[in-house]
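The values are calculated or read from the model by the stated rules, or taken from the named source; none is laboratory data. Note that the structure is a prediction, hence the values are computed from the model and not measured. Note that we place each Cβ from the backbone using ideal geometry, even for glycine, and neighbour counts take in every protein chain shown. For the accessible areas, the whole protein counts, side chains as well, though only heavy atoms, and no ligand, DNA or RNA atoms are used. Shrake-Rupley method; radii C 1.70, N 1.55, O 1.52, S 1.80 Å.
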Amino acid sequence: MTETLPRPVVNGHDKPDVSLLKFAPEQPAAPEPESVEAVDRPDNPLADWLTVPDAPILPVWARSVASIKANTAAFCRLSWWHSRYHLLRVPKYTVRLAWLATKGAWRGARGLWPTLAAQDQTAAVKALRAQCKAKPEDVDLAVRYALLHRERTKSRRWRWGAAAVAVTAAAAGFMLADPPLQAAMAAAVTVPLAFLGRGDDVQLLDNPTPPLRVDMSAQQLNDALRAAGLLKQGKGDDEGPRVTCVMGPVRDGNGWAVIFDLPKGGGKTAADVLAKRTAIAAELGVDEIQVIASRVRAAAGGNAGRVSMWVADDDPYLGDPVPSPLVKAETFTVWDPIPFGQDARGTRITVPVMWQSLFFGGLPRRGKTFTQRLMTAAGLLDAYVRHYVADGKGGADWMPMKAVAHRLVMGAEDDAVEALKAMLKELLAEMERRFVLLRGLPVSVCPEGKLTPGIVEKYNLPVIFVTIDELQEYFTAMDKDDRDQVINDLCRIARRGPAAGFICNFASQRPDAESVPTKLREIITLRYCTQVVDQTSSDMVLGKGKAAQGADASVLSEEHKGTGVLVTGPASFVTVRADFLDGPAFAELCQRGRALRQKYNQLTGDAVQDVTAAADQAGVTIAPVLSDCLTVMRHTARMHTVDLLQRLENLDEDYGDWDAERLARELEAAGVKRTTKQVNISGKNLAGYRREDLEAAVPPELLDAR
């Protein structure tokens with residue numbers, strides 16, 4: 001223990017006792033800092049020589065490897081474009097070259113004529129001849145004239161002779177030379193003559209317009225922002241405040257990239273720039289789809305006034321679609337982000353779906369269902385994913401899922417609505433069962449009270465995909481009580497289900513409050529919207545106020561099929577061109593998913609009982625009309641012929657011209673033997689079919705294999 005020495009008190013105040021400090025060694029006094037005058041002071045004559053310039057050593061385009069590669073690639077693309085442009089015009093250039101060479105030869109001959117004619121001596125000869133006529137008696141003058149005239153004649157002969165010898169030698173050399181040398185000699189003569197024959201009106205090569213619509217510069221950017229009202233106007237010759245370019249503008253891929261800070265004092269933020277994207281695009285002379293702008297957040301060194309902007313040379317979302325990598329994948333785990341598509345710069349976009357829920361919206365025939373199926377397709381390649389699927393349209397888009405889906409609801413008729421309600425009750429019961437199981441597991445196995453990959457396999461709790469397409473069809477087909485109940489069930493699944501391994505994947509057209517209630521849409525975490533008619537519709541899908549932030553799907557056009565705006569967070573969004581997965585490829589994935597589940601003993605529910613799916617897998621041929629009838633009657637034991645024809649037409653437009661007689665004839669040819677031609681449904685006894693009669697026409701080995 002260290003003892004503390006007392007401090008003496010002097011006149012009531014603490015004073016240090018010198019006797020207590022006498023053993024302390026003397027510390028040398030710290031030297032005073034030497035004063036150094038500034039190098040850049042006004043009276044220093046070497047200030048201009050010694051001051052280090054406050055400027056980057058390298059130009060903007062050469063400050064990073066990525067920028068050098070991007071600009072080099074842009075230069076190569078431009079050179080390749082020019083090469084193809086001029087190569088296609090070689091015949092035109094050949095004719096033009098001959099014409100210019102002819103003009104050049106005429107100009108050259110006209111220019112050489114004074115020399116060949118010795119016109120430099122003609123003036124003196126003419127002057128002496130005039131003097132001789134004036135003084136014929138002057139003999140000396142006549143002698144001088146004769147000598148000068150003879151000298152001029154001699155010069156003419158030598159010059160014409162030299163020219164003739166040169167032309168003859170060139171012609172002889174050309175005739176005796178090999179063809180490659182002849183071509184070189186011809187070019188050596190023709191090109192200078194064509195150069196001599198050129199003029200302001202005719203040029204040898206056309207002047208092409210480069211394939212770059214935007215040749216962006218800092219001045220052009222400032223002018224565009226000022227015209228859009230984001231920068232204040234100056235007074236007089238002063239243009240006013242300007243942005244500070246942190247990077248660029250530089251070439252970046254197929255466009256120009258720039259990162260800039262808005263000037264302080266103007267009251268404008270990065271959000272204001274995003275909201276004025278259309279006006280900025282108009283000032284830059286491009287379509288708004290070509291302008292990709294986003295905020296630079298603090299995590300990336302940004303601030304509320306820093307904007308990253310990329311302007312494409314052309315529409316970046318056109319061209320051949322990119323096939324989904326899932327087509328060639330053997331297996332996939334949904335615990336990894338799902339490959340989704342590419343952004344405008346070609347960057348691969350993936351979407352993590354665990355602990356998330358998804359909503360897809362947009363106009364019909366814009367690729368909404370194709371994009372929604374990408375999420376389900378990834379789950380097909382994971383044996384420990386169980387699919388619950390409902391398609392309110394009841395078309396062919398989701399029919400291949402009969403090979404895999406634990407539950408598959410097709411259409412929005414009364415029997416399909418009842419099947420949907422039963423499916424939701426089953427999901428809720430399964431969700432509660434899982435929560436009871438997860439709560440009972442030790443912390444070492446379930447540390448966060450949520451599903452884990454280990455729990456999935458150990459306790460046979462597969463991830464559950466709940467996919468519902470054309471959600472509005474079910475809501476409009478229900479009465480108010482059923483509608484409210486279904487909405488509450490969906491909200492419970494979307495809100496609590498992710499922790500138990502439930503992934504909701506919903507889709508609808510314009511989701512207004514009537515077709516898809518706000519309380520359901522607002523709990524969805526990931527949203528994707530294809531083209532819609534206006535910003536209001538875009539906000540209905542992506543969230544209120546998203547269009548003002550730049551996430552606006554109404555700027556997309558009819559050509560942008562499969563392209564939409566993906567919102568992944570409150571301020572995170574990107575326009576994505578989704579990967580392409582057509583119907584046949586999706587059907588093939590469903591068959592692979594069925595085989596995968598059979599291998600791991602995970603094929604359950606409706607997929608086990610579906611004879612048409614079993615026939616497809618076994619390679620057994622079933623008449624298409626029989627298969628389609630079994631499909632549309634999957635939720636009912638009997639159906640009237642008129643309803644059956646209507647559902648068949650909804651499934652496939654080719655059934656539009658069928659009548660009851662043709663249907664009976666085709667089913668009879670497929671082996672269907674009707675035990676009765678009349679069926680009673682809800683007290684109505686009309687012509688119809690029983691599902692048992694249709695199943696009896698299926699090969700017995702398929703029924704036994706179920």
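Numbers at a glance
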read-out: Qualifying positions in the range 186-218 - closer than 30 Å to Arg77 by Cα, at pLDDT 75 or above and in a helix (DSSP H, G or I); value: Ala218
read-out: Long-range neighbours under 8 Å by Cβ, at least six apart or interchain, first residue surrounded by fewer than 16 Cβ atoms within 10 Å (Cβ to Cβ) within the range 91-117, second in a helix (DSSP H, G or I) and of a type in the set (Lys, Arg); value: Thr115/Arg159; Leu116/Arg156; Leu116/Arg159; Ala117/Arg156
read-out: Conditions (1) open to solvent by 100 Å² or more (accessible area, probe 1.4 Å); (2) touching a helix residue (DSSP H, G or I) at 6+ places or on another chain (Cβ under 9 Å); (3) at pLDDT 80 or above; number of the one not met by Trp61; value: (3)
read-out: Odd one out for Ile523, checked against (1) farther than 24 Å from Val327 by Cα; (2) open to solvent by 30 Å² or more (accessible area, probe 1.4 Å); (3) out of contact with any helix residue (DSSP H, G or I) (no Cβ under 7 Å at 6 or more places or on another chain); value: (3)
read-out: Residue check for Gly305: open to solvent by 50 Å² or more (accessible area, probe 1.4 Å) and free of Cβ contacts under 8 Å to residues at least 60 places away in the same chain; value: no
read-out: Residue within the range 334-357 that is open to solvent by 10 Å² or more (accessible area, probe 1.4 Å), in a loop (DSSP other than H, G, I, E, B) and under 20 Å from Val516 (Cβ atoms) present; value: yes
read-out: Test: residue in the range 440-463 that is open to solvent by less than 20 Å² (accessible area, probe 1.4 Å) and either under 26 Å from Met639 (Cα atoms) or modelled with pLDDT of 95 or more (or both); value: yes
read-out: Search result, residues across the range 272-302 that are open to solvent by 30 Å² or more (accessible area, probe 1.4 Å) and in contact with a strand residue (DSSP E or B) (Cβ under 7 Å, 6 or more places away or on another chain); value: Arg277, Ile292, Ser294, Arg295
read-out: Selection from the range 118-133 of residues that are open to solvent by 70 Å² or more (accessible area, probe 1.4 Å), closer than 30 Å to Arg198 by Cβ and not charged (D, E, K, R); value: Gln119
read-out: Scan of the range 160-185 for residues that are open to solvent by 70 Å² or more (accessible area, probe 1.4 Å) and assigned to a helix (DSSP H, G or I), ordered by number; value: Trp160, Val165, Val167, Thr168, Phe174, Met175, Leu176, Pro179, Pro180, Leu181
read-out: Meets criteria (modelled with pLDDT of 90 or more, within 33 Å of the chain's Cα centre (by Cα) and within 17 Å of Ala587 (Cα to Cα)) for Ala377; value: yes
read-out: Which listed residue is open to solvent by less than 30 Å² (accessible area, probe 1.4 Å), at pLDDT below 90 and under 20 Å from the mean Cα position of the chain (by Cα), from Gly361, Gly367; value: Gly367
read-out: Selection count, the range 472-522, where residues are under 24 Å from Leu363 (Cβ atoms), outside any helix (DSSP H, G or I) and free of Cβ contacts under 8 Å to residues at least 60 places away in the same chain; value: 7
read-out: Matching option when the condition is part of a helix (DSSP H, G or I) and closer than 30 Å to Pro208 by Cβ, among Arg129, Arg107, Arg157; value: Arg107
read-out: Cβ pairs under 8 Å, 6+ apart, first in the range 136-148 and among the charged types (D, E, K, R), second open to solvent by 60 Å² or more (accessible area, probe 1.4 Å); value: Asp138/Gln131
read-out: Of the criteria (1) touching a residue at least 24 places away in the same chain (Cβ under 8 Å); (2) part of a helix (DSSP H, G or I); (3) surrounded by fewer than 17 Cβ atoms within 10 Å (Cβ to Cβ), which one Ser557 fails; value: (2)
read-out: All strands (runs of 3 or more DSSP E) inside the range 223-329 with 1 or more residues being of a type in the set (D, E, K, R), over 30 Å from Lys561 (Cβ atoms) and modelled with pLDDT of 90 or more; value: 255-261, 306-312
read-out: Count of residues meeting criterion [part of a loop (DSSP other than H, G, I, E, B) and either open to solvent by 30 Å² or more (accessible area, probe 1.4 Å) or small (Gly, Ala, Ser) (or both)] in the range 378-436; value: 12
read-out: Residue match in the range 486-497 (condition: farther than 23 Å from Gln617 by Cα, hydrophobic (A, V, I, L, M, F, W, C) and touching a Gly at 6+ places or on another chain (Cβ under 8 Å)); value: no
read-out: So Ala595, is it open to solvent by less than 10 Å² (accessible area, probe 1.4 Å), farther than 25 Å from Trp658 by Cα and either in a helix (DSSP H, G or I) or touching a residue at least 60 places away in the same chain (Cβ under 8 Å) (or both); value: no
read-out: Residues satisfying the stated conditions in the range 567-592, i.e. in a strand (DSSP E or B) and either over 15 Å from Arg345 (Cα atoms) or of a type in the set (Ser, Thr, Tyr) (or both); value: Val567, Thr568, Gly569, Ser572, Thr575, Phe580
